[in-house]
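Beneath this line is the structure, given in structure tokens, with notes to follow.
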Amino acid sequence: MEYELQRLCAGQYSVHTARIAYQADTVENLTRLSREAFTAIEVLAHAQPDVVCFGCTGSGFLKTPQEDQAFAEALTAHCGIPTLTSSAAVLSEFSHLGARRIAVATPYEDWVNQRLRAYFEAAGFEILALTALGDAAHGRKSAQEIAQQTIEACPPDAEAIFLSCSNLFTLDVVDSIESATGKPLLSSNIAAFRGMQRRLKEGRLPP
């Protein structure tokens, strides 16, 4: 996530991060991330950021959209810094695009994908295709492989495409996928960046 956010910011903003130890997608691990986020954000607050994003998209899918929003509000109250989650940012950005019928590709196991589907459907979206890229996509599958699998799995009636997981390298495949499918693409990192940028531009933060 850090690498792609630095590229997206392109020197316009500074990026400060706090990592939480994590190894595998299990309910216990993903739930633990949410608990330990409160300690991590205390450390991050010393950099005095204007906005914070909790970046584990998969962790958000263990909650309902309403619970996810409440979690972001709890983090905001805890540190006094406006905070959003990457999972909620994805929903928000698709709403801004006016897209409700989504094709999704992820590096997750099936049980996480089913939580993703439930999260989106609870927010009024329709998942037309959900493609498993395989665990190798977690930072190891090539951009070309990710692009090809995503393009091949995208149904013609999808209104947009979502590449989920902030640990997935996506910036180098956006143009090729959008060109091949004719559909806008969001990734977890792009949505997180736009969500934070939108907060700044809306003047919801102190100068």
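The values are calculated or read from the model by the stated rules, or taken from the named source; none is laboratory data. As the structure is a prediction and not an experimental result, all values here were calculated from the model. Note that each Cβ is placed from the backbone with ideal geometry, even for glycine, and that neighbours are counted across all protein chains shown.
Structural remarks
- Those residues of the range 114-146 which are surrounded by 21 or more Cβ atoms within 10 Å (Cβ to Cβ) and either under 12 Å from residue 61 (Cβ atoms) or of a type in the set (D, E, K, R) (or both), in sequence order: 116, 119, 120
- Qualifying residue in the range 61-77 (condition: among the hydroxyl-bearing types (Ser, Thr, Tyr) and either free of Cβ contacts under 8 Å to residues at least 60 places away in the same chain or outside any helix (DSSP H, G or I) (or both)): yes
- Of all residues in the range 21-49, those that are without any contact (Cβ under 8 Å) to a residue 24 or more places away in the chain and either among the hydrophobic types (A, V, I, L, M, F, W, C) or outside the structural domain of residue 70 (by TED's automatic domain parsing) (or both) total 3.
- Among all residues of the range 62-79, there is none that is over 19 Å from residue 174 (Cα atoms), at pLDDT below 95 and buried (at least 24 other Cβ atoms within 10 Å of the Cβ).
- Residues (in contact with a helix residue (DSSP H, G or I) (Cβ under 9 Å, 6 or more places away or on another chain) and more than 11 Å from residue 154 (Cα to Cα)) located in the range 174-184: 174, 176, 184
- Residues of the range 4-32 that turn out to be hydroxyl-bearing (Ser, Thr, Tyr) and more than 17 Å from the chain's Cα centre (by Cα), as a count: 3
- Among strands (runs of 3 or more DSSP E) entirely within the range 104-207, having at least 1 residues that are among the polar types (S, T, N, Q) singles out 126-132, 185-187.
- Unique match (being under 22 Å from residue 147 (Cα atoms), β-branched (Val, Ile, Thr) and either within 16 Å of the chain's Cα centre (by Cα) or not assigned by TED's automatic domain parsing to the domain that holds residue 43 (or both)) among 83, 106, 64: 106
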